[in-house]
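Read-outs: derived from the displayed coordinates by stated rules, not from any lab. Owing to the predicted nature of the structure, the values given are computational and were not obtained by experimental measurement. All Cβ positions, glycine included, derive from the backbone under ideal geometry; neighbour counts span all protein chains shown.
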Amino acid sequence: MKKLSLLLILFFLVQSFCLFAKDDKKKSSLTADRTVEIGLLNFNINFANSFITINDILQDVIIIDLDKLAEGFKLNLGVNVTPLFFNFNSKQGWGFGFSTNVEAVGILNLSGNMLNINEAVKDNSDISGAIFSSFTVKTYFDAQKCKIKFNPSLFCALAYITPPKNMPSSVVYTLDYTDGTVMSVDYAVRVYTVYSFEDKSFSNNTVPGFDFSLGFEYPVAKEIGLTDKIPLLDFDLGFDLINIPFFPSTMMEYKQIKGKIGKDTPIKLINKDDDDGSLFSPDEKDIGRKQVKIYRPFKMLLHADWRPFGGTKFLTVTPQIGFCYNTLYYQPYSFEGGLSACLSFGGLFKIKAELNYIDRMYITGAGIAVNVKACEIDIGADLRSQNISQVWKGTGFGINFGFKFGW
């Protein structure tokens, strides 16, 4: 029975390749690219942490391994919603469109040295977040054989969580035994929102910013004649610059929570002359006005679209590599890269898989898309974690859904 099932699967794949692994110019009207395309309520929701797995939660008795805190505690939350987008494809080498978007991110990255009370000097932890809304104009055109994409965006910060400028991060930890015992934890968080904490109402507390994205795609293998000699080597190269800053969005009104545990001088356990022996200072809460400049994360990515089956899109393998600059983190630079693959059955049915490191998380996921010309539905899910060894243990997940229609 197992052998028969395997033979049926192989037969289905061979038949699918024979039917669908043809030049895209021969697509039927059912799966041909849409000239006009509209998308509604496309979204992605994701969550990841570095400490608790699904198995830990499902146990009758929840057991928490505190030794894991030696590596710190990381938590990432993300929501990305595109209520509406529109695309027009002229099918003559150019097109245009627009999209609206709301994106929210939350970041908690606590130092392992602080959680385990290890010796360290000015060890930093991240507590930050942001909510952006944006309106993007999308254009593309062909210049000779090169496809150029230019997408300017007007974006607005709706909320922003950041440390004050006099602190490198939201939490700074020190335990030093050099000249006695010095232990301190300084923390300060400013929350900027469109809601005025002073007037108790929504106000014009934010000024929009402007950035743009630029992309290039070039069929390298065909242009240098490599595909004609070795059909297996058919690939395009692409280079994307995402959210190139032009001028920032700004916010003014904030609410701040600030405090300190410990002191910057050696601790004296017995000191009759010391009137203030407390290691805990009361929180300072205040409302103020000070302009903060806010940029969206900038990314630079190099990718290749490799089609190993003689130039057809039956299978497309896409490796990518690059970096991201995100001011929400104490260390703003991070590497990005990974590998994804897509099986396309004539454009009617697609299966996608990925293994990537994006936004400081390892992500392994799969998705499915069904396209019947008039409409297309995309559904996907993934497992994710800040530590690669815990991706498959259920420390995080992501769900995405997309719906678009046109003619």
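Data table
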read-out	value
Paramagnetic reach from L41 in segment 87-113 [backbone N under 20 Å; point 7 Å along Cα→Cβ]	87, 99-104
Positive minus negative residues near L77 (Lys, Arg vs Asp, Glu; Cβ under 12 Å)	0
Local electrostatic count, G402, Cβ distance below 10 Å [Lys/Arg +1, Asp/Glu -1]	-1
Correct choice for log10 I(q)/I(0) by the Debye sum over Cα atoms at q = 0.11, 0.15 Å⁻¹ that was computed from the model, options (1) -0.86, -1.38; (2) -1.07, -1.37; (3) -0.98, -1.52	(3)
Cα-based helix-to-principal-axis angle, 2-20 vs the chain, degrees rounded to 10	70
Proxy reagent accessibility, fewest Cβ within 10 Å first, across V172, V185	V185, V172
Total formal charge among the other residues, if their Cβ is under 13 angstrom from that of M300, Lys/Arg +1 and Asp/Glu -1	-1
Modelled FRET efficiency - R0 22 Å, I148 with I321, Cβ distances, 0.05 increments	0.55
Residue of V171, V121, V137 that the Gaussian network model of the chain assigns the largest fluctuation, springs spanning Cα pairs under 10 Å	V121
Net lengthening on full extension, N166/E284 (0.36 nm per residue, minus Cα-Cα)	40.9 nm
